[in-house]
Every structure is written in C-alpha cells, then in structure tokens.
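Below: one structure, written as structure tokens.
What follows is calculated from the coordinates using simple rules that are stated; it is not laboratory data. The model shown is predicted, which means the values in this text are computed figures rather than measured ones. Virtual Cβ from ideal backbone geometry, glycine too; neighbours counted across all protein chains shown.
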C-alpha cells in the first residue's frame with residue numbers, strides 16, 4: 001500500500017479546483033460553447049474530392065448566399081467538412097448545395113455524409129440533452145443518498161459538478177464542438193467519476209467504523225491510499241481503451257473520446273481531491289455512520 | 001466465496017456458453033442461416049438515410065374551418081336564426097346572430113349533429129364557440145377537434161409516405177410515428193435521398209379545372225407551363241381522389257413521355273359530363289397549385305381513361321405517376337432532420353471502429369498480464385468471455401450497433417477489468433493480515449462485492465438515462481454500455497471467481513502472490 005500524504009494537499013487542491021471551476025463558468029458564460037448543428041441547427045456536409053482546396057469550396061458556396069459557412073479539412077487528404085448555418089427548407093437547400101459543388105469543383109465529389117437539423121429539432125435536442133444530464137446527476141445524488149449518508153451524497157455531487165463543468169470549460173476554451181456524442185460522453189463521465197468516488201467512499205465508511213480515534217482527514221488519507229492502486233489501474237485501462245479510440249477510431253469519434261479522456265482524468269482527480277475533502281467540511285466522523293445504522297436497525 | 005457446488009459451476013458455464021454462442025451467428029453465411037438472428041448495423045455504419053418529417057396541420061385547420069361555413073349557414077337558415085357580419089379569420093369564424101340560446105342548443109346537440117359532431121373518444125365536440133359581445137360569437141375548433149384533425153392527417157400521411165417509399169422500392173425501410181406531428185423514416189443503404197425527399201415533399205393534390213375566358217368571380221390567375229397567364233375556375237371538376245391508377249407512358253406520335261391515368265366510376269362520370277359540356281374549351285390540370293398543362297378538349301372523354309402531357313422527362317413522368325398512384329398528402333411534409341451517411345463512410349467507420357477495438361483490447365490485456373501475472377490471465381479470460389457475452393447479448397436482442405456503440409464496447413473493455421482489479425487489490429490487502437491464503441481470497445471477494453456493485457450501478461444509471469433520452473447512434477452507445485456492465489458483473493463475479501478458486505485451491509500449499 002502506498003502512503004502518500006494526500007490530506008496535506010487538500011487545501012491547495014481545493015483552491016485549484018475552485019479556481020478552475022470558476023474560470024470554466026466564466027468561459028462557458030462569456031465565451032460560450034461551440035454548439036454543433038445538433039444543437040444549433042444547420043447543415044453539415046462531409047465530402048471527399050481529390051484535387052480541390054477548402055478555399056475553392058468556400059468560393060463556390062460563397063456565391064450562394066448561405067450565411068455563415070465553415071469549410072475545413074477533415075481527417076484524410078481530400079476529405080472536407082462543410083458547415084452551413086442557413087436554416088432554409090431542407091428540401092430545397094441540400095440538393096442546391098450538392099449540385100453547385102458537383103458542377104463547380106473540377107473533380108468527382110463524393111458526398112460521404114449529409115446532416116441537416118432544423119431549428120425546432122435542434123432546440124428539442126438541446127433541451128433533452130440538458131434534461132438527461134440533470135436527471136443523471138439527480139439519480140446519482142439519490143443513489144448515494146440511499147446507499148450512504150447525506151454528507152457523502154453532497155460530496156459526490158459536488159465532485160460531479162466539478163467534473164462536468166471543467167470538462168465543458170475546456171471544450172469552451174478550445175472551441176471544440178458540442179454535439180450529441182459529447183452529451184453521451186458527459187453522461188459517461190458522470191457514471192465513471194461516480195464509480196471512482198463510490199469506491200473511495202465505501203472504503204472511508206469502512207474505515208470510519210474500524211478506526212474511531214482517527215479524524216476524517218486521516219481516514220480519508222488512509223482510504224485514498226488503500227484504494228489508490230485500483231484507482232490508477234482502472235484509470236490506465238480505461239485510458240488505454242480511450243486513446244485507442246481517439247487515435248484509431250476515426251474523425252467522428254474524436255470529440256467524444258477526447259471528452260472522455262478529459263473526464264476520466266478530471267474524474268479520477270476529483271474523487272481524491274474534491275469528494276473526499278468535502279467530508280471534512282461536514283465534520284463526518286464514525287458517529288455519522290453509527291447514527292445512520294441506528295436509524296435503519298432500531 | 002471460493003466454494004462452488006458442481007451444479008453452480010455447471011449453471012455458470014452453461015449460461016456463458018448459451019449467450020456467447022450467439023456471437024458466432026453474426027459470422028454465418030447469408031443463405032445458410034441456422035438461426036436468423038444477428039446484430040443490425042446502424043445507418044451510420046451501413047450507410048443510409050434517416051429523415052424526420054413533420055406535418056403542418058395549420059393549413060389543414062384553415063381549410064377545415066372554411067368547409068364549416070356552408071353547413072353553419074344552412075343550420076342557421078333552417079332554424080330561422082338571423083345572422084350577419086359573417087367573417088372568416090385564419091382559424092375561426094366570426095358572426096352575429098339574434099338568438100344565441102337557440103343557437104347554443106343546436107350547436108351543442110349530440111344527436112345527428114352534422115355541423116359540430118360529438119367526438120366520443122374525447123368526450124368533446126369538434127367545435128367550440130365563445131361570445132365576444134352581446135350577439136357576436138367566434139367559432140373555432142376545440143382542443144380535441146384540432147387533435148382529431150392532426151391525428152387523422154398524421155395517420156393518412158404515414159400511409160401515403162409508406163406507399164410512395166414502397167413504390168420507389170428501397171430495401172427494408174422503417175416508417176414510424178414520432179410524437180404528435182412527426183414521421184420517422186429510415187432508409188438503409190440509400191446513397192442519395194434527394195429523389196425520395198422530392199417525392200415526399202410534394203402533397204400531389206391534383207385537380208382538373210376549366211380555363212375561363214375572363215377573370216370573372218370564382219377564378220384565379222395561374223401561370224401555365226409555357227408561361228401564359230390563364231384564368232382558372234376555382235370549381236373543381238374532378239380531383240386526384242378519383243384516380244385508380246396512373247402509369248408513365250410514351251406517346252407514340254412524338255415520343256413524348258406522358259402519364260396515363262384511369263378513373264374510378266364516379267370520376268369517369270364527372271369527367272365525361274364535364275368534357276361533353278365543354279368541348280372546345282381548355283381544361284387545366286393543376287398539381288399543387290401549379291398548372292401542369294392546359295390542353296383543349298377536342299371531344300368528350302367518357303371512357304375514364306386519360307393522359308397528362310407536360311414536357312416531362314421520362315423520370316418526371318414516372319415520379320408524377322407514382323405520386324398520383326399513391327394519393328395526395330393531406331398537408332405538406334417538411335424535413336426537420338436529416339442524417340445521411342454514404343456506404344463508403346460507413347465501411348470506413350466499421351474499419352476504424354474494429355481496429356481501435358482490437359488495439360484497445362490488446363493493450364488492456366497486456367497491461368493486466370504485466371500487472372497481475374497469473375491472475376491477469378484470469379482477468380483477461382474474463383474479459384474475453386465478457387466480450388463474447390456482450391456481443392452474444394446484442395445478437396439475442398438483435399440490437400442495432402452504431403459507431404458510438406462500438407465506442408461503448410471499447411469503453412466496456414477498459415472499464416470491465418475494474419471489477420477484477422477491485423477484487424484483486426482487496427485480496428492483496430487481505431493477504432497482508434490474513435495467514436490463510438484461502439481465507440484471504442474468500443474475504444477479498446466478500447468485501448469487494450458491495451463496492452463492485454455500487455461502482456457499476458452508478459454507470460448503469462448513466463447508461464439507462466442515456467438510453468431514455470438519446471437518439472439514434474447515441475442510443476446504440478447506451479445499449480452497449482449498459483449490457484456491458486451486466487456482462488461485466490457476471491464474468492467478474494462468477495466466471496473469474498470460479499477460475500480464481502480453481503487456481504487457489506490447486507495451489508493450497510504453495511505461496512501465492514497476486
């Protein structure tokens with residue numbers, strides 16, 4: 001078993017966490033999130049065409065009066081991703097764009113992917129994404145509250161907020177696209193981070209019962225050390241899988257796996273440096289869990 | 001925890017085999033299938049088109065309220081209620097009447113009420129009215145009246161959409177109702193959905209109307225196919241409802257593609273009478289408010305057969321015939337969401353998905369071997385078993401595998417070893433204080449059980465919520481992640497535990513380190 005003194009670093013870690021958290025909030029509020037067409041509406045076209053340039057595609061589309069256009073290289077040579085903001089009727093818009101590109105680019109154009117989301121649908125998708133994340137946080141809160149004491153419940157939920165907000169903050173900072181798969185990633189991060197926290201909490205509760213004389217900082221420290229090997233090994237195997245997706249899984253999964261990688265790192269950090277110290281602020285001791293036991297078994 | 005009765009061992013391995021064997025159904029020959037079950041590939045992997053269509057019942061409501069004007073006027077006249085200031089405004093009618101009490105009685109009578117029928121299902125009338133002042137009232141559709149209009153339009157639209165898509169002949173289309181106003185269409189393998197979108201984008205309301213010489217009352221001005229302004233009578237001689245068949249054909253004289261149609265008996269009568277009475281005049285064929293052509297009536301057509309020409313290409317004639325055969329949509333359909341993936345991108349996605357799965361899998365396996373040696377081997381056996389069971393379960397459920405779904409499998413590989421890691425680490429701790437190796441393993445498993453459960457249930461909760469709220473590809477992720485957790489629990493807690501017990505019990509007297 002390792003014997004690092006984590007509790008001595010709680011204070012510094014907490015200052016770091018609070019700072020990152022608020023910087024993230026500020027970024028999300030003022031810089032905003034870069035919503036993809038899933039949540040903003042619009043059209044996305046992925047095409048493959050040799051002997052063409054992004055600037056050429058841009059020129060062709062510029063003449064069509066489509067509003068904001070974004071053309072960039074996407075993965076392999078000759079692959080491009082076009083995003084068009086104009087929310088005109090799908091039925092007319094897409095054939096028009098396709099025809100224009102096929103006619104004006106001097107090589108074969110292969111339309112590999114076309115996505116179009118209308119304004120109504122995008123608003124609904126955003127709404128259901130937010131509901132899904134809120135609901136999962138609530139469900140976690142409830143689960144921990146049932147399984148543990150309320151102090152643990154609050155501690156874990158603070159850690160989850162910490163993870164989700166900082167992950168989104170980094171996405172805002174780097175202007176990475178938020179789409180449906182990022183919502184899936186965030187929800188998985190919520191599950192993963194909770195998983196990590198629960199393992200340490202389980203141990204804290206066990207040790208609280210075993211060592212009545214130790215105070216919560218020492219108990220937390222002991223429990224973190226006892227579970228550290230597992231925490232690290234699981235993070236490593238999960239990250240191995242995720243890096244494999246990030247590097248080899250293709251362009252479409254890149255954002256998703258990047259969000260997950262961030263989430264796993266932040267989630268692992270927060271189980272140790274956010275979820276555990278919080279118990280200290282609630283003055284959790286062996287009495288906390290004893291009372292709970294009395295309640296259940298009269 | 002290390003003692004297994006023979007029957008338990010049998011059950012564990014039989015259950016494993018039973019589920020895992022389904023994995024191999026995915027590799028059987030198309031024509032030579034033992035059991036017809038396999039994992040379906042999502043549209044993002046096999047290529048195809050996903051369309052979400054929305055009906056627009058607003059225009060329909062306007063139309064329906066207009067159709068109430070004549071019955072209401074008749075009702076008032078028949079019952080000697082005087083009215084004036086009759087106005088149609090968007091979705092409601094305004095009028096002043098002199099006897100509201102009498103009107104109320106008639107308007108809300110349940111017996112033989114043609115004007116305002118009572119809808120039994122909803123226990124509500126189709127229409128409602130409210131008093132604006134002393135004798136002025138506003139008549140409009142009730143909440144349930146609107147719902148009835150919407151629902152019947154949606155049902156009818158789904159039927160027509162199905163007919164049109166079947167007629168084009170794509171393989172295995174999915175057409176489903178989504179919510180109150182939407183139709184989901186999935187067309188696997190379709191590379192270019194533009195033709196289908198064009199076919200679904202037309203309501204195809206066809207009618208035959210006479211061309212009038214002057215712009216008298218009851219006509220509207222439409223531009224003909226050759227650009228001449230024509231006054232077209234608003235009176236409809238016959239509409240597309242009377243068609244029983246329509247086919248593209250080539251007119252022999254000048255090789256021009258045309259659409260020939262056959263009318264039902266009623267249509268043939270109407271058409272025959274109109275063409276007999278109006279020989280020499282021009283007849284406009286109007287589709288969705290646009291003139292297709294306006295030929296001269298040379299002689300009465302009483303056979304119930306006719307032909308539409310209008311400078312078509314053969315493709316246009318084929319599509320028009322298809323639209324006329326399938327019937328008119330009650331309202332225009334708008335594509336509110338479209339996701340089309342070309343087949344080559346789908347193939348690329350499968351390729352990169354599978355490669356990253358294999359690489360991720362090998363990395364995790366090597367790491368576990370390095371970290372836990374012989375027990376790493378157990379964990380890895382459990383991992384392979386886990387993967388087989390996961391794919392087997394997906395096959396049994398005939399689930400749809402999407403690209404994020406593959407990511408879910410890879411993630412499961414990374415996270416699945418966690419259960420065994422938790423247990424092994426616990427055993428390591430127990431070995432320090434416990435002299436008996438068997439006891440150490442035993443209590444390691446017992447103590448880690450709660451933690452393993454807790455840790456996995458949290459991820460399961462996330463997966464369930466994702467499944468409930470996610471759409472399309474994301475749902476595929478939730479499915480693999482969720483099933484992955486269950487197979488993980490099974491393989492770690494039953495399979496790996498049994499393997500561990502075999503290793504431990506056979507090496508009772510030796511030192512075992514983990």
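Report relative contact order for chain B in percent, whole number only (criteria: Cα-Cα under 8 Å, sequence separation at least 6).
On the way: 856 pairs, mean separation 100.6, N = 514.
Relative CO of chain B lands at 20 percent.
Per-residue shielding of B:280-288, expressed as the average number of other chain Cβ atoms within 10 Å of the residue Cβ, stands at 0.
How shielded is A:108-120 by partner chains, expressed as the average number of their Cβ atoms within 10 Å of its Cβ atoms?
The shielding value for this peptide is 5.
Counting Cβ atoms of other protein chains within 10 Å of each Cβ in B:255-267 and taking the mean gives 0. Judged by the mean number of other Cβ atoms found within 10 Å, the most tightly packed of the peptides A:3-14, B:91-102 leads the ranking B:91-102, A:3-14.
Assuming R0 = 22 Å, what is the FRET efficiency of residue B:464 and residue B:351, from their Cβ-Cβ distance, to the nearest 0.05?
Values: r = 31 Å, r/R0 = 1.39.
For residue B:464 and residue B:351, the calculated efficiency is 0.10.
Rounded to the nearest Å, what's the spacing between the alpha carbon centres of the stretch B:447-506 and the stretch A:125-144? Just the number, please. That distance is 20 Å.
For the peptides B:376-384, B:190-198, the ranking by packing is B:376-384, B:190-198, with the highest mean count of neighbouring Cβ atoms within 10 Å listed first. The mean sequence distance of close C-alpha pairs (under 8 Å, at least 6 residues apart), as a share of the length of the stretch B:398-514, puts its relative contact order at 40 percent.
FRET efficiency for the pair residue A:215 and residue B:176, taken as 1/(1 + (r/R0)^6) with r the Cβ-Cβ distance and R0 = 56 Å, rounds to 0.40.
If a/c stays under 1.5 just call it rounded; otherwise compare a/b with b/c (prolate if a/b is bigger, oblate if not). Do that for chain A, with a ≥ b ≥ c from the square roots of the Cα gyration tensor eigenvalues. It comes out prolate by the Cα gyration axes.
Please label the shape of the stretch B:58-147 as rounded, prolate or oblate, based on the square roots a ≥ b ≥ c of the eigenvalues of the alpha-carbon gyration tensor (a/c under 1.5 means rounded; beyond that, a/b larger than b/c means prolate, else oblate). Cα axes put the stretch B:58-147 in the oblate bin. Over what distance in Å are the Cα centres of the stretch B:109-129 and the stretch A:181-216 separated? Measuring centre to centre over Cα atoms gives 60 Å.
What is the calculated FRET efficiency for residue A:123 to residue B:138, with r their C-beta to C-beta distance and R₀ = 35 Å, to the nearest 0.05? Approximately 0.65, to the nearest 0.05. Estimated translational diffusion coefficient (Stokes-Einstein, Kirkwood radius over Cα pairs, 4 °C, 1.567 mPa s) of chain B: 44 µm² per second. Judged by the ratio a/c of the largest to the smallest principal axis of the C-alpha gyration tensor, the stretch B:232-309 counts as rounded, that ratio being less than 1.5. Over chain A, dividing the summed -39,500 (n - 2.57) contributions of all DSSP H runs of at least 4 residues by the number of residues returns a 222 nm mean residue ellipticity of -22000 deg cm²/dmol. When each of A:246, B:445 is scored by the number of other beta-carbon atoms lying within 10 Å, the sequence from fewest to most is A:246, B:445.
Working note: 222 nm ellipticity from helices only, DSSP H runs with n ≥ 4, each -39,500 (n - 2.57), summed and divided by the residues of chain B, gives -17000 deg cm²/dmol to the nearest 500. What separates the Cα centres of the stretch B:1-62 and the stretch B:218-280 is a distance of 51 Å. The Kirkwood hydrodynamic radius of the protein assembly as shown, based on inverse pair distances between different Cα atoms, is 31.6 Å.
Put in order of Cβ neighbour count within 10 Å, fewest first, the listed residues B:83, A:201 become B:83, A:201. Ranked by the mean number of other Cβ atoms within 10 Å of their residues, highest first, the peptides B:422-430, B:409-417 come out as B:409-417, B:422-430.
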